Amino acid sequence: MKRATFPSVNGVILAGGQGRRMGGQDKGLISYRQQPLIRHVIDRLKGQVDSLTINANRHIEQYQAFGYPIATDLLEGYQGPLSGMLSAMKQSRADYILTVPCDCPQISSLLRRRLMESLLMHQADIAVAHDGQRIQPVFALISRKLQSDLEHWLASGERKIDLWMQRHQLIEVDFSDQQDCFINFNHPEDITEQRPVEFPLPLLGFAAFSGTGKTSLLVKLIPELKDRGLRLAVVKHAHHRFDIDVPGKDSYRMREAGASQVVVASRRLLALMHTHADRRDEPVLAECLSRLEQQHLDLVLVEGFKQEQFAKIELHRPDLGKPLLYRDDPSIIAFATDQAVDAPPELPVLDLNNLTQIADFVIEFCRTQKQPMEIA
């Protein structure tokens, strides 16, 4: 019996640009959250591909230190992303290359899967991501059979990536539910500026220091909101090591054996366990949100992730002696406290022990988001 073979994919991180808008800095090596930008991209891409290549044209030794092959542009003078793609194609032995830029630290964990499924379904040569407004041409799955055509295209003096792609069987793949995955850094101020999390559904966080009672409040609030007709999900940030699996169980043994993802399903419950790389940074909220089935939800509540920018209620108990967060977080839209606080007049102050008042505020917040839902 002939064994089925699956298309092989070589991930290509495009880090060969001049970084002119970044003042000439090599973008892949710029520090972001205590790691070079390219480190974030590597951690999110390497589990999706069979091999990985870095396209770089300077600081080669620094890029080599990441432990992956380097493909330098065969054309001199920084000729754009197509030049980097061609160099990677010539060096690769995979069926496809999956390209991503070095300056997008939150690339989707579903990138390869969605692109490959659409490419095979439509028998295309190129699958490119679409963020709901436009294509993202450097987020692309490209057949290596196009290597010769790309070489001739560049030799003719052409450089535009979208025009070259349109010459072939091209399929645009919807990633409009994961727009944050395409946020990139073009200017120095982009690195320090915390951008708001974008999500098509109402998204409301509860931010506080440990011990304030975030989980206790949510456990009481969830059934109250459910009784009022809201379908909701919760995303929680754990600051410590945790495991939802039990040592000795089959799923645990499979993960320990090396499977990076394990799905366990029964008639009542489905769970996905995804093991991240050891050097992985803190979890990114946008990546967690991308796993949710949005069509079944009216609201997403978030516990933690207080460093990210999205609407939050700050929980505060003065007796704990902790500082207020709102002074450093402009995304806080209200307080919930058990005592008087020195809050600016434009921020509502809720009674932390008054569940009905807090639920009313959440319902009104959902209404202001203008999302279609039935609220009792």
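Structural remarks
- Where labels lie 7 Å past Cα in the beta-carbon direction, separation of Leu218 and His152 in nm: 5.7
- For the range 1-137, the square roots a ≥ b ≥ c of the C-alpha gyration tensor eigenvalues yield an a/c of 1.5 or more together with a/b exceeding b/c, which makes the shape prolate.
- Three-way shape label, the range 74-121, alpha-carbon gyration tensor, a/c 1.5: oblate
- In the context of the full set of protein chains, residues of the range 310-374 present 55 Å² of accessible surface per residue (probe radius 1.4 Å, heavy atoms only).
- Label-to-label distance, nm, for residues given as Val349 and Arg20 (7 Å Cα→Cβ offset): 5.4
- When each of Lys27/Lys312; Lys27/Lys90; Lys46/Lys214; Lys220/Lys306; Lys46/Lys145; Lys46/Lys236 is checked by Cα-Cα distance, pairs over 27 Å: Lys27/Lys312; Lys46/Lys214
- With contacts taken as Cα pairs under 8 Å and at least 6 residues apart, the range 1-94 reaches a relative contact order of 33 percent.
- For the range 79-192, the solvent-accessible area of protein heavy atoms averages 43 Å² per residue (probe radius 1.4 Å; ligands and nucleic acids excluded).
- Relative contact order for the range 96-203, counting Cα pairs under 8 Å that sit 6 or more residues apart, in percent: 36
- The calculated FRET efficiency for Leu292 paired with Asn186, based on their beta-carbon distance and R0 = 25 Å, is about 0.30.
- On the range 99-230, 47 percent of the accessible area sits on carbon and sulfur atoms, based on a 1.4 Å probe.
- The fraction of accessible area contributed by carbon and sulfur in the range 1-73 is 48 percent, rounded to a whole number (1.4 Å probe; ligands and nucleic acids excluded).
- The length gained by stretching the chain between Asp162 and Ser8 to full extension, at 0.36 nm per residue less their Cα-Cα distance, is 53.0 nm.
- Solvent-accessible area per residue, Å², over the range 1-77 with all protein chains present [probe radius 1.4 Å]: 54
- Probe 1.4 Å - accessible area at Glu293, Å² to nearest ten: 110
- 5 angstrom amide H check on Gln136, placed H, neighbours 5+ away: Ala129, His130, Asp131
- Per-bin percent of Cα-Cα distances, the range 309-357 [5 Å]: 5, 22, 33, 25, 13, 2
- For the peptides 91-102, 324-335, the ranking by mean Cβ contacts within 10 Å, running from highest to lowest, is 91-102, 324-335.
The values are calculated or read from the model by the stated rules, or taken from the named source; none is laboratory data. All of these numbers come straight from a predicted model, not from anything done at the bench. Cβ sites come from the backbone with ideal geometry, for glycine too, and all protein chains shown count toward neighbours. Quick note on the areas: whole protein, heavy atoms, side chains included, nothing else; ligands and nucleic acids left out. Shrake-Rupley method; radii C 1.70, N 1.55, O 1.52, S 1.80 Å.
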